[in-house]
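One structure is given here, and the rest of the page talks about it.
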Amino acid sequence: MEREFDKAIKEMYKEKFLAPENEVRQVSAPDGSIIEIDPLKDYFCQERPKELKPRKGVVEDFLNWARAESLWVLGFGTGCGSIEIPPLVTPRFDMYRYGVQMRPTPRQSNVFVISGYLSVKTLKRAIRSYEQMPSPKYIIALGSCTINGGMYWDSYNTINRLDHYIPVDVYIAGCMPRPEALLAGFGKLKELIKSGQGEKANEYARNFDWYKANQKKIIRDWNMPDYNW
Amino acid sequence: MVEILKELEDRFQVTDLVQQKDHLAFVSVDKNKAIPMITWLKDQAGYTSLTLLTAVDWLEDGKFQLTYMINNPKKNSQIAARVMIDRENATMESAHHLWESIRIYQRELKEMFGIDFPGSPEVDESFILEGWVDIPPYRRDFDTKKYSDETYFPRPGRQSNDPAEYMKSKMYPNE
C-alpha cells in the first residue's frame with residue numbers, strides 16, 4: 001500500500017530529478033535478446049522454490065561438512081531474544097571460533113535465527129527475508145514464544161507456532177535462553193547438517209502450498225509477490 | 001498549581017479536580033471545551049510539552065475516556081485533562097495543529113480503540129495491525145484468547161492453573 005504522499009514525491013522526483021542511470025533503457029540479455037529495464041521498478045522471480053536433490057556419497061558428505069562449518073547468520077532480530085545475539089560476537093562467547101558469523105543481508109546468509117516472539121507484521125518481513133536466502137538454509141527458533149506462543153500465547157497479534165509458517169530446524173527452549181544455549185543450538189544444527197538431516201528448505205519447497213495457505217490466513221494485506229527470491 | 005486550576009475552573013468549567021502531588025493534577029473537562037483548554041494551557045500558561053494521549057474503555061458506561069497529559073517544563077508540573085466521549089461512533093477533535101507528535105497517538109487510538117480523529121494526518125493508515133478486520137483489539141468486548149485460538153494454531157498440551165486455587169492447594173492442602 002503506497003502512501004499518497006510517497007506517490008506524489010515519486011512523480012515529482014521522476015519529472016525533475018531523475019538521474020540518468022535510473023532512466024528506462026534497453027540492455028542486451030546474456031542470450032543476446034534485447035530487453036527493457038526500468039531501474040526504479042522491483043523485479044521478482046516468479047518461479048516456485050525447487051527441491052535441491054542431495055548429491056551422492058562422499059560428495060554430499062563433503063558439502064555437508066562445508067555447510068556445517070560456515071553458518072552465516074542473518075542479522076535480523078525479531079523479539080526480545082535479539083539481545084542475546086550480540087554477546088555471541090564478543091570475546092566471552094566468540095561464535096567465530098565455530099564458524100558462525102553475522103551477515104547483513106539475506107542473500108549472503110544461510111541461517112535465520114528467529115529470536116523470540118513474532119507479531120504478524122514481523123512475520124511478514126521474516127517470510128520475505130527467509131525466501132530471499134539461498135538454499136540450503138536453516139532456521140533456529142529461539143525461546144518458548146516460537147514453540148507454543150510462550151507468555152504471548154493468548155495475544156491477538158503474535159503467532160503461537162512458528163513451524164506452521166516456516167520450517168524450523170532447531171528449537172532452543174527457554175525464556176530467554178542464554179548465549180551458551182545458543183552456542184549449543186548451533187552445535188546441534190551442525191550435527192544435523194553433517195548427518196544429512198538439514199533438509200528443511202526442501203521440506204518448505206515440498207509443502208509450499210500448505211505453508212503459503214497458513215501464511216495467507218493471518219497476513220491479510222498480502223501485498224508481496226508469492227515467490228520472491 | 002492552585003491558581004492554574006482555579007483559572008481552569010473559571011474559564012473552562014472543569015470538574016473533578018484531583019491534585020495528586022504538588023506537580024500533578026487531574027481535571028475532567030467537557031468534550032467541546034477540551035481542545036480550547038489545552039490550547040490555552042499551551043499558549044498562555046506555559047504547558048508547552050505533550051506527555052501522552054491515551055484512552056480507557058468504560059464498557060459499562062458506554063464511554064471512552066481520553067487523557068491528555070501536558071507538561072510545563074519550566075515549572076516541572078503536569079496537568080492531565082480527562083475527556084469522556086461516547087463509545088458509539090467515537091470521534092474526537094484532532095489536536096495535531098498543537099503538537100505534531102500527537103498524530104502518532106491518534107493513529108494508535110484509531111487502530112486500537114476505533115476512536116476517529118478526522119483531519120489528523122495518516123490517521124486511517126494501519127499502524128501495527130496490517131489489514132485488521134475484527135473489532136479494534138483494545139476494546140474490552142474483544143476476546144483476545146478466543147481470537148488467538150481461532151487464528152494462530154495453538155499447540156495442544158498447554159496446561160494452566162488458576163493462581164489462587166493452585167497456591168491454596170500448595171500452601172494449605174488440608175483446608
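Here, each number is a calculation from the coordinates, and none is a lab measurement. This is a predicted model, so every value here is computed, not measured. So basically every Cβ, Gly included, is an ideal-geometry build from the backbone, and we count neighbours across all protein chains shown.
Checked against the criteria, B:Asp61 counts as under 20 Å from B:Pro136 (Cα atoms) and surrounded by fewer than 14 Cβ atoms within 10 Å (Cβ to Cβ). Annotation: of all residues in the range A:119-154 being touching a Lys or Arg at 6+ places or on another chain (Cβ under 9 Å), of a type in the set (S, T, N, Q) and within 14 Å of chain B (Cβ to nearest Cβ), the one that is surrounded by the most Cβ atoms within 10 Å (Cβ to Cβ) is A:Thr146.
Within the range A:204-218, the residues that satisfy the criterion of being surrounded by 14 or more Cβ atoms within 10 Å (Cβ to Cβ) and either closer than 30 Å to A:Pro86 by Cα or more than 14 Å from chain B (Cβ to nearest Cβ) (or both) are A:Tyr204, A:Ala205, A:Arg206, A:Phe208, A:Lys212, A:Gln215. Could you please let me know if B:Glu130 is within 10 Å of another protein chain (Cβ to nearest Cβ) and touching a helix residue (DSSP H, G or I) at 6+ places or on another chain (Cβ under 9 Å)? Yes. Within the range A:68-91, the set of residues being farther than 26 Å from A:Val120 by Cβ, in contact (Cβ under 8 Å) with a residue 60 or more places away in the chain and surrounded by fewer than 18 Cβ atoms within 10 Å (Cβ to Cβ) comprises A:Glu69, A:Pro87. Just one residue in the set B:Glu88, B:Glu93, B:Glu122, B:Glu100 is among the acidic types (Asp, Glu), facing chain A (nearest Cβ under 10 Å), more than 30 Å from A:Thr146 (Cβ to Cβ) and surrounded by fewer than 18 Cβ atoms within 10 Å (Cβ to Cβ); that residue is B:Glu122. Checking each residue in the range B:32-58 for being crowded, with 17+ Cβ neighbours inside 10 Å and among the aromatic types (Phe, Trp, Tyr) picks out only B:Tyr47. Residues of the range B:133-151 that are among the acidic types (Asp, Glu) and either part of a loop (DSSP other than H, G, I, E, B) or within 7 Å of another protein chain (Cβ to nearest Cβ) (or both): B:Asp134, B:Asp141, B:Asp143. Condition first: hydrophobic (A, V, I, L, M, F, W, C) and within 9 Å of chain A (Cβ to nearest Cβ). Now tell me which residues in the range B:152-171 satisfy that. B:Phe153 - this is the single residue of the range B:152-171 that is hydrophobic (A, V, I, L, M, F, W, C) and within 9 Å of chain A (Cβ to nearest Cβ).
Okay, residues lined up against (1) in contact with a Lys or Arg (Cβ under 6 Å, 6 or more places away or on another chain); (2) in a helix (DSSP H, G or I); (3) touching a residue at least 40 places away in the same chain (Cβ under 8 Å):
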| position | (1), (2), (3) |
| --- | --- |
| B:Met37 | no, yes, yes |
| B:Leu53 | no, no, yes |
| B:Asp57 | yes, no, yes |
| B:Glu60 | no, no, no |
| B:Leu66 | no, no, yes |
| B:Arg82 | no, no, yes |
| B:Ser94 | no, no, no |
| B:Phe127 | yes, no, no |
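Could we say that B:Ala81 is under 18 Å from the mean Cα position of the chain (by Cα), farther than 27 Å from B:Arg139 by Cβ and not acidic (Asp, Glu) here? No; evaluated as a whole, the condition is false for this residue.
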